[in-house]
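K.L.:
Pasting a structure below so you can have a look.
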Amino acid sequence: MDWNGDGFLDIIVGDRNGFVSYFERTGSGVDDLTAQGHITANGTAIDAGANSAPVVVDWNNDGLLDLLIGNEASTQGIRLYLNSGTVTNPVLTTWSYIQSSGSNINRYRCCPQVYDMNGDGKKDLIMGENDAQIYYYENTGTDAAPVFSGYEAIQSNGSPLDLYYGTRLWVSDWNEDGIPDLLVSDFNGFVHVFMANLTGTADETSAQVQSGFAVAPAVNPAMGSFSLNVQIPTGGNVELRVYDSAGRLVATKNASGMSEGTNLISIDAASLATGVYTVVATTGSAISTCRMVLTD
(Lines give C-alpha, C1' and ligand atoms only; values in the text may rest on other atoms or scores of the structure.)
Protein backbone atom coordinates (compact mmCIF):
# COMPACT_ATOMS: atom_id res chain seq x y z
CA MET A 1 0.00 0.00 0.00
CA ASP A 2 1.57 3.28 -1.18
CA TRP A 3 0.02 5.84 1.19
CA ASN A 4 1.88 8.89 -0.13
CA GLY A 5 2.09 8.03 -3.85
CA ASP A 6 5.89 7.95 -4.10
CA GLY A 7 6.10 4.46 -5.61
CA PHE A 8 7.20 2.71 -2.39
CA LEU A 9 4.98 0.40 -0.33
CA ASP A 10 4.30 1.82 3.13
CA ILE A 11 2.81 0.27 6.28
CA ILE A 12 -0.25 1.43 8.21
CA VAL A 13 -1.07 -0.45 11.39
CA GLY A 14 -3.55 -0.22 14.27
CA ASP A 15 -2.71 -0.88 17.90
CA ARG A 16 -4.22 -1.94 21.22
CA ASN A 17 -4.87 1.67 22.28
CA GLY A 18 -6.96 2.50 19.20
CA PHE A 19 -4.45 4.64 17.30
CA VAL A 20 -3.36 4.14 13.68
CA SER A 21 0.34 4.57 12.90
CA TYR A 22 2.02 5.31 9.57
CA PHE A 23 5.45 3.97 8.62
CA GLU A 24 6.77 5.57 5.42
CA ARG A 25 9.07 3.56 3.17
CA THR A 26 11.82 5.77 1.79
CA GLY A 27 13.63 3.19 -0.35
CA SER A 28 13.35 -0.27 -1.83
CA GLY A 29 14.96 -2.08 1.12
CA VAL A 30 12.99 -3.87 3.82
CA ASP A 31 14.60 -1.63 6.46
CA ASP A 32 13.89 1.65 4.67
CA LEU A 33 10.98 2.58 6.95
CA THR A 34 10.53 5.82 8.89
CA ALA A 35 7.94 6.16 11.65
CA GLN A 36 5.66 9.11 10.91
CA GLY A 37 3.56 8.86 14.05
CA HIS A 38 -0.19 8.53 14.35
CA ILE A 39 -2.46 9.30 11.39
CA THR A 40 -4.56 12.37 12.12
CA ALA A 41 -7.97 13.72 11.15
CA ASN A 42 -8.51 17.49 11.48
CA GLY A 43 -5.09 17.70 13.12
CA THR A 44 -5.91 15.25 15.92
CA ALA A 45 -4.63 11.69 16.17
CA ILE A 46 -7.32 9.21 15.19
CA ASP A 47 -8.45 7.19 18.22
CA ALA A 48 -10.94 4.50 17.20
CA GLY A 49 -10.99 2.79 20.58
CA ALA A 50 -9.19 -0.40 21.62
CA ASN A 51 -7.70 -2.72 18.98
CA SER A 52 -8.03 -0.46 15.94
CA ALA A 53 -8.03 -2.47 12.69
CA PRO A 54 -7.33 -0.18 9.68
CA VAL A 55 -7.94 -0.97 6.01
CA VAL A 56 -6.64 1.28 3.22
CA VAL A 57 -8.80 1.36 0.09
CA ASP A 58 -10.06 3.82 -2.52
CA TRP A 59 -13.63 3.56 -1.23
CA ASN A 60 -15.30 6.04 -3.61
CA ASN A 61 -13.08 5.52 -6.69
CA ASP A 62 -11.80 9.11 -6.79
CA GLY A 63 -8.16 7.99 -7.13
CA LEU A 64 -7.35 8.76 -3.48
CA LEU A 65 -6.73 6.25 -0.70
CA ASP A 66 -9.30 6.30 2.10
CA LEU A 67 -9.26 4.66 5.53
CA LEU A 68 -11.68 2.17 7.13
CA ILE A 69 -11.15 1.33 10.80
CA GLY A 70 -12.65 -1.52 12.80
CA ASN A 71 -12.24 -1.75 16.56
CA GLU A 72 -12.99 -3.78 19.67
CA ALA A 73 -16.17 -2.06 20.91
CA SER A 74 -19.37 -3.45 19.41
CA THR A 75 -21.01 -0.03 19.85
CA GLN A 76 -18.48 1.85 17.72
CA GLY A 77 -19.03 0.37 14.26
CA ILE A 78 -16.62 0.66 11.31
CA ARG A 79 -15.37 4.16 10.68
CA LEU A 80 -14.87 5.49 7.14
CA TYR A 81 -12.50 8.43 6.64
CA LEU A 82 -12.64 9.79 3.08
CA ASN A 83 -9.45 11.36 1.75
CA SER A 84 -9.94 15.00 0.70
CA GLY A 85 -6.26 15.66 -0.06
CA THR A 86 -4.14 14.49 -2.98
CA VAL A 87 -2.37 11.29 -3.99
CA THR A 88 0.91 12.52 -2.47
CA ASN A 89 -0.62 14.33 0.50
CA PRO A 90 -3.58 12.46 2.03
CA VAL A 91 -5.89 14.58 4.19
CA LEU A 92 -8.50 13.04 6.49
CA THR A 93 -11.15 15.17 8.18
CA THR A 94 -14.59 13.86 9.13
CA TRP A 95 -15.75 10.26 9.30
CA SER A 96 -18.97 8.24 9.09
CA TYR A 97 -20.03 4.72 9.99
CA ILE A 98 -20.39 1.96 7.38
CA GLN A 99 -24.01 0.82 7.36
CA SER A 100 -26.05 -2.19 6.30
CA SER A 101 -29.80 -1.78 5.70
CA GLY A 102 -29.63 1.68 7.24
CA SER A 103 -27.98 0.63 10.52
CA ASN A 104 -24.35 0.84 11.61
CA ILE A 105 -22.41 -2.42 11.26
CA ASN A 106 -21.50 -3.14 14.89
CA ARG A 107 -19.44 -6.22 15.68
CA TYR A 108 -17.23 -6.91 18.69
CA ARG A 109 -13.51 -6.92 17.81
CA CYS A 110 -14.37 -6.24 14.18
CA CYS A 111 -11.50 -6.70 11.70
CA PRO A 112 -12.76 -5.72 8.21
CA GLN A 113 -11.32 -6.31 4.77
CA VAL A 114 -12.50 -4.99 1.40
CA TYR A 115 -12.48 -7.32 -1.60
CA ASP A 116 -14.61 -8.18 -4.64
CA MET A 117 -15.68 -11.59 -3.34
CA ASN A 118 -18.19 -12.53 -6.05
CA GLY A 119 -16.38 -11.23 -9.13
CA ASP A 120 -19.00 -8.63 -10.11
CA GLY A 121 -16.52 -5.74 -10.25
CA LYS A 122 -17.75 -4.14 -6.99
CA LYS A 123 -15.96 -4.00 -3.64
CA ASP A 124 -17.59 -6.13 -0.93
CA LEU A 125 -17.03 -6.13 2.83
CA ILE A 126 -15.78 -9.17 4.72
CA MET A 127 -14.83 -9.29 8.39
CA GLY A 128 -13.79 -11.43 11.32
CA GLU A 129 -14.91 -10.77 14.87
CA ASN A 130 -14.77 -12.14 18.39
CA ASP A 131 -17.25 -15.00 17.85
CA ALA A 132 -14.71 -16.66 15.49
CA GLN A 133 -16.88 -16.53 12.38
CA ILE A 134 -16.31 -14.64 9.11
CA TYR A 135 -19.11 -12.42 7.79
CA TYR A 136 -19.65 -11.39 4.17
CA TYR A 137 -21.57 -8.25 3.17
CA GLU A 138 -22.32 -8.17 -0.56
CA ASN A 139 -22.20 -4.75 -2.21
CA THR A 140 -25.61 -4.18 -3.81
CA GLY A 141 -24.74 -0.63 -4.88
CA THR A 142 -21.91 0.39 -7.20
CA ASP A 143 -18.16 0.10 -6.91
CA ALA A 144 -17.87 3.87 -6.30
CA ALA A 145 -20.80 4.00 -3.84
CA PRO A 146 -21.03 0.70 -1.94
CA VAL A 147 -24.37 -0.28 -0.39
CA PHE A 148 -24.92 -3.22 1.96
CA SER A 149 -28.23 -4.81 2.88
CA GLY A 150 -27.49 -7.84 5.01
CA TYR A 151 -24.79 -10.46 5.43
CA GLU A 152 -24.09 -14.16 5.49
CA ALA A 153 -21.56 -16.26 7.35
CA ILE A 154 -18.78 -17.72 5.21
CA GLN A 155 -19.09 -21.51 5.18
CA SER A 156 -16.59 -24.34 5.10
CA ASN A 157 -17.76 -27.89 4.29
CA GLY A 158 -21.41 -26.85 4.57
CA SER A 159 -21.21 -25.16 7.98
CA PRO A 160 -20.30 -21.61 9.05
CA LEU A 161 -16.55 -21.26 9.42
CA ASP A 162 -15.98 -21.40 13.18
CA LEU A 163 -12.50 -21.11 14.71
CA TYR A 164 -11.21 -20.11 18.12
CA TYR A 165 -12.39 -16.60 19.03
CA GLY A 166 -10.92 -13.35 17.74
CA THR A 167 -10.60 -14.08 14.01
CA ARG A 168 -8.56 -11.81 11.73
CA LEU A 169 -8.31 -12.44 8.03
CA TRP A 170 -6.72 -11.59 4.74
CA VAL A 171 -8.30 -12.25 1.34
CA SER A 172 -5.90 -13.49 -1.33
CA ASP A 173 -5.90 -15.75 -4.36
CA TRP A 174 -3.62 -18.19 -2.53
CA ASN A 175 -3.37 -20.77 -5.32
CA GLU A 176 -3.69 -18.29 -8.24
CA ASP A 177 -6.82 -19.89 -9.71
CA GLY A 178 -8.68 -16.58 -10.02
CA ILE A 179 -10.90 -17.21 -6.96
CA PRO A 180 -10.41 -15.37 -3.64
CA ASP A 181 -9.23 -17.60 -0.77
CA LEU A 182 -9.03 -16.78 2.96
CA LEU A 183 -6.09 -16.68 5.33
CA VAL A 184 -7.49 -16.58 8.86
CA SER A 185 -5.81 -16.27 12.26
CA ASP A 186 -7.40 -16.57 15.68
CA PHE A 187 -6.56 -16.03 19.34
CA ASN A 188 -4.80 -19.36 19.77
CA GLY A 189 -2.06 -18.22 17.37
CA PHE A 190 -2.68 -20.47 14.37
CA VAL A 191 -3.09 -19.30 10.77
CA HIS A 192 -5.55 -21.25 8.61
CA VAL A 193 -5.90 -21.29 4.81
CA PHE A 194 -9.38 -21.83 3.36
CA MET A 195 -9.42 -22.53 -0.38
CA ALA A 196 -12.51 -21.29 -2.23
CA ASN A 197 -14.42 -22.92 -5.06
CA LEU A 198 -17.16 -21.75 -7.40
CA THR A 199 -20.04 -22.09 -4.93
CA GLY A 200 -21.57 -19.99 -2.20
CA THR A 201 -20.49 -16.36 -2.45
CA ALA A 202 -18.84 -17.09 -5.80
CA ASP A 203 -22.09 -18.07 -7.54
CA GLU A 204 -21.98 -15.01 -9.78
CA THR A 205 -18.44 -15.82 -10.83
CA SER A 206 -19.50 -19.37 -11.66
CA ALA A 207 -22.29 -18.09 -13.91
CA GLN A 208 -19.93 -15.75 -15.69
CA VAL A 209 -17.39 -18.48 -16.41
CA GLN A 210 -20.08 -20.81 -17.71
CA SER A 211 -21.45 -18.11 -20.03
CA GLY A 212 -18.29 -18.32 -22.15
CA PHE A 213 -16.90 -14.84 -21.43
CA ALA A 214 -13.66 -14.96 -19.47
CA VAL A 215 -10.40 -13.11 -18.92
CA ALA A 216 -7.20 -14.86 -17.85
CA PRO A 217 -3.49 -13.99 -17.72
CA ALA A 218 -1.53 -14.99 -20.79
CA VAL A 219 1.71 -14.50 -18.82
CA ASN A 220 1.83 -14.34 -15.03
CA PRO A 221 3.86 -12.81 -13.36
CA ALA A 222 4.02 -9.91 -15.81
CA MET A 223 6.74 -7.38 -16.58
CA GLY A 224 6.06 -4.01 -18.20
CA SER A 225 2.60 -4.91 -19.49
CA PHE A 226 -0.34 -7.15 -18.70
CA SER A 227 -0.92 -9.76 -21.41
CA LEU A 228 -4.44 -11.14 -21.19
CA ASN A 229 -6.41 -13.83 -22.97
CA VAL A 230 -9.99 -12.61 -23.36
CA GLN A 231 -12.51 -15.22 -24.46
CA ILE A 232 -15.69 -13.77 -25.96
CA PRO A 233 -18.47 -16.03 -27.32
CA THR A 234 -20.02 -13.80 -29.97
CA GLY A 235 -17.47 -11.07 -30.69
CA GLY A 236 -17.86 -7.40 -29.85
CA ASN A 237 -16.33 -4.77 -27.61
CA VAL A 238 -14.56 -5.40 -24.30
CA GLU A 239 -13.68 -2.90 -21.55
CA LEU A 240 -10.81 -3.78 -19.23
CA ARG A 241 -10.10 -2.05 -15.91
CA VAL A 242 -7.06 -2.67 -13.70
CA TYR A 243 -7.21 -2.08 -9.94
CA ASP A 244 -4.33 -2.12 -7.46
CA SER A 245 -4.43 -3.90 -4.10
CA ALA A 246 -6.02 -0.83 -2.49
CA GLY A 247 -8.89 -0.80 -4.97
CA ARG A 248 -7.68 2.19 -7.00
CA LEU A 249 -8.37 2.20 -10.74
CA VAL A 250 -4.87 2.42 -12.27
CA ALA A 251 -5.38 1.52 -15.94
CA THR A 252 -8.15 1.04 -18.49
CA LYS A 253 -8.42 -0.21 -22.05
CA ASN A 254 -11.32 -0.35 -24.48
CA ALA A 255 -10.84 -3.14 -27.00
CA SER A 256 -13.30 -2.82 -29.87
CA GLY A 257 -14.11 -5.30 -32.60
CA MET A 258 -12.99 -8.41 -30.74
CA SER A 259 -13.53 -11.58 -32.75
CA GLU A 260 -15.36 -14.63 -31.46
CA GLY A 261 -13.08 -16.90 -29.45
CA THR A 262 -9.87 -15.99 -27.63
CA ASN A 263 -8.18 -12.61 -28.18
CA LEU A 264 -4.79 -11.52 -26.84
CA ILE A 265 -4.90 -8.02 -25.31
CA SER A 266 -2.01 -6.06 -23.80
CA ILE A 267 -2.30 -3.25 -21.22
CA ASP A 268 0.65 -0.98 -20.56
CA ALA A 269 1.91 -1.36 -16.96
CA ALA A 270 5.28 0.35 -17.26
CA SER A 271 4.32 3.14 -14.86
CA LEU A 272 2.85 0.83 -12.21
CA ALA A 273 4.57 -0.40 -9.05
CA THR A 274 5.25 -4.07 -8.50
CA GLY A 275 2.46 -5.93 -6.73
CA VAL A 276 -0.83 -7.78 -7.19
CA TYR A 277 -3.51 -6.32 -9.45
CA THR A 278 -7.10 -7.22 -10.29
CA VAL A 279 -8.30 -7.07 -13.90
CA VAL A 280 -12.05 -6.64 -14.48
CA ALA A 281 -13.30 -7.30 -18.02
CA THR A 282 -16.84 -6.47 -19.16
CA THR A 283 -18.78 -6.92 -22.37
CA GLY A 284 -22.45 -6.01 -22.25
CA SER A 285 -23.73 -7.35 -18.91
CA ALA A 286 -21.08 -10.11 -18.64
CA ILE A 287 -18.17 -9.67 -16.22
CA SER A 288 -15.02 -11.69 -15.61
CA THR A 289 -12.04 -11.01 -13.35
CA CYS A 290 -8.52 -12.31 -12.82
CA ARG A 291 -5.51 -11.52 -10.65
CA MET A 292 -2.07 -10.62 -11.99
CA VAL A 293 1.32 -10.15 -10.37
CA LEU A 294 3.57 -7.37 -11.71
CA THR A 295 7.32 -7.75 -11.16
CA ASP A 296 10.40 -5.71 -12.05
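K.L.:
In segment 40-69, which residue that is of a type in the set (S, T, N, Q) and under 15 Å from ASN89 (Cα atoms) is most open to solvent (accessible area, probe 1.4 Å)?
P.N.:
ASN42
K.L.:
Residues being within 13 Å of PRO112 (Cα to Cα) and in contact with a strand residue (DSSP E or B) (Cβ under 8 Å, 6 or more places away or on another chain): count how many of those fall in segment 60-82.
P.N.:
Counting residues in segment 60-82 that are within 13 Å of PRO112 (Cα to Cα) and in contact with a strand residue (DSSP E or B) (Cβ under 8 Å, 6 or more places away or on another chain) gives 9.
K.L.:
Which is out of contact with any Cys (no Cβ under 7 Å at 6 or more places or on another chain), open to solvent by less than 30 Å² (accessible area, probe 1.4 Å) and among the small types (Gly, Ala, Ser), of GLY37, GLY18?
P.N.:
So the residue among GLY37, GLY18 that is out of contact with any Cys (no Cβ under 7 Å at 6 or more places or on another chain), open to solvent by less than 30 Å² (accessible area, probe 1.4 Å) and among the small types (Gly, Ala, Ser) is GLY18.
K.L.:
Now for a separate question. How about segment 51-81: which of its residues are among the hydrophobic types (A, V, I, L, M, F, W, C) and within 20 Å of PHE23 (Cα to Cα)?
P.N.:
Scanning segment 51-81 gives ALA53, VAL55, VAL56, VAL57, LEU64, LEU65, LEU67, LEU68, ILE69.
K.L.:
How many residues are of a type outside the set (A, V, I, L, M, F, W, C) and farther than 18 Å from VAL114 by Cα if we restrict to segment 42-59?
P.N.:
Total meeting the criteria: 6.
K.L.:
So, in segment 252-296, of the ones that are within 26 Å of ASP10 (Cβ to Cβ) and without any contact (Cβ under 8 Å) to a residue 24 or more places away in the chain, which residue ends up most open to solvent (accessible area, probe 1.4 Å)?
P.N.:
Only one residue fits best here, namely SER271.
K.L.:
Could you list all residues from segment 89-136 that are at pLDDT 90 or above and of a type in the set (Val, Ile, Thr)?
P.N.:
VAL91, THR93, THR94, ILE98, ILE105, VAL114, ILE126
K.L.:
So which strands (runs of 3 or more DSSP E) stay within segment 100-194 end to end and still have 1 or more residues that are out of contact with any Leu (no Cβ under 9 Å at 6 or more places or on another chain), open to solvent by less than 10 Å² (accessible area, probe 1.4 Å) and within 29 Å of ASN229 (Cα to Cα)?
P.N.:
Output list reads 124-128, 181-185.
The values are calculated or read from the model by the stated rules, or taken from the named source; none is laboratory data. Because the structure is predicted, anything quoted here is derived from the model rather than measured. Neighbour counts run over all protein chains shown; Cβ positions are idealised from the backbone, glycine included. For accessibility, only protein heavy atoms count, side chains too; no ligands or nucleic acids. Shrake-Rupley method; radii C 1.70, N 1.55, O 1.52, S 1.80 Å.
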